[in-house]
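First up is the structure itself, then whatever we jot down about it.
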Amino acid sequence: MSNIVDPLVRQIAARVRAERERRRWTLAQLAEASGVSQAMISRIEREESSPTAVVLGKLSAAFQLSVSSLLAGEGEGETGEERVRRRADAAEWRDPETGYRRRQITTPRFPAEIAEIRLPAGARVPYPAGAYAFIRGLVWVLDGQLTFHDGGQVHELHPGDTIELGEPVPRIFANDTDTECRYVVVRARHQQP
C-alpha cells in the first residue's frame, strides 16, 4: 500500500480541519451539523480517506460553503496577478465512489464559481438543500444527458440545455444513460432576502 497522499486529499483535509477549527467545533459538533460520522470526518482530516461527492456536499452544507470552497486550498487564489490558467494547472477531483470528476475553472478570487463536471454512466450524486444556501446557480449541459432532480421535480437536460437553480432544495445529479455526461455548474453567492 502506498504512503503517497494525493495533493487534493491533503488540501481537502486541511480545509475541512481549518473550517471546523475556525468555528471552534468539535468533531461531534461537525458530525451533528453535517450528518457525516465523526469517524469519517476524522479519517478525512487525517488524510486517510478521500471524501465522496455526497460527503463533500454534506460538509459544505454544514459550513455554509460551496463544494468548490472545500476543494480550494486555504487562501488559494487570493494573491498573484496571473490571469491565465492552463488546463494542466487546474486540479481535477475524482469522487472515489461514483467516478464523478470535477475541475475548477475559476479561482476563489473570481466572483463566480465555475466547475466542469464529468458524470459517468449510471452515476447519481445527491446534495442536501443546505449545500445551496446563499448560492445562486446554473447548470449547463455540454455533452450527454443529465437527469436533474430539483426537489420534487425531475428535468431531462440535453446538450445546450440550462437550468437556473431556485430556492435551496435537495438535488440529485443523475446520469441514467450508458455514456458520460459533461456539464458546467456556475455558482454565485448572494444574500438571503
- Query: For the chain, what relative contact order do you get, as a whole percent, if you take Cα pairs closer than 8 Å and at least 6 residues apart?
  - Reply: 19
- Query: For Ala131, what is the net charge nearby, where nearby means another residue's Cβ is under 11 Å from its Cβ and Lys, Arg count +1, Asp, Glu -1?
  - Reply: +3
- What relative contact order, as a whole-number percentage, does the stretch 88-189 give when Cα pairs under 8 Å and 6 or more residues apart are counted? 34
- Task: Grab the beta carbon distance between Leu142 and Gln38, set R0 = 30 Å, and tell me the FRET efficiency rounded to 0.05.
- Result: 0.20
- the stretch 144-193, relative contact order in percent, only Cα pairs under 8 angstrom and at least six apart counted: 41
- Amide hydrogen neighbours beyond the local backbone of Ala123, cut-off 5 Å, H modeled: Asn175
- Message: Per-residue counts of other Cβ atoms within 10 Å, averaged by peptide: what ranking do you get for 55-64, 119-128, highest first?
- Response: 55-64, 119-128
- Within the accessible area of the chain, what % is carbon and sulfur when the probe is 1.4 Å and the other protein chains stay in place? 50
- Note on the structure: Toy charge model, Lys and Arg Cβ at +1, Asp and Glu Cβ at -1: the stretch 1-58 dipole around Cα centroid in debye, rounded to 20, equals 200
- Query: Reported to two decimal places, what Rg/Rh ratio describes the chain when computed on Cα atoms with Rh from the Kirkwood expression?
  - Reply: 0.95
- Projected onto their principal axes, the Cα atoms of the stretch 132-175 stretch, largest extent first, over whole-Å spans of 28, 18, 12
- So what's the net charge close to Asp161: Lys and Arg +1, Asp and Glu -1, counting the other residues with Cβ under 14 Å from its Cβ? -3
- Task: Mind checking the per residue accessible area of the stretch 19-131 for me, 1.4 Å probe, whole number of Å²?
- Result: 52
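The values are calculated or read from the model by the stated rules, or taken from the named source; none is laboratory data. What you are looking at is a predicted structure, and each value in this text was computed from that prediction instead of being measured. Cβ: placed from backbone, ideal geometry, glycine included. Neighbour counts: every protein chain shown. Note: areas computed on protein heavy atoms with side chains; ligands, DNA, RNA excluded. Shrake-Rupley method; radii C 1.70, N 1.55, O 1.52, S 1.80 Å.
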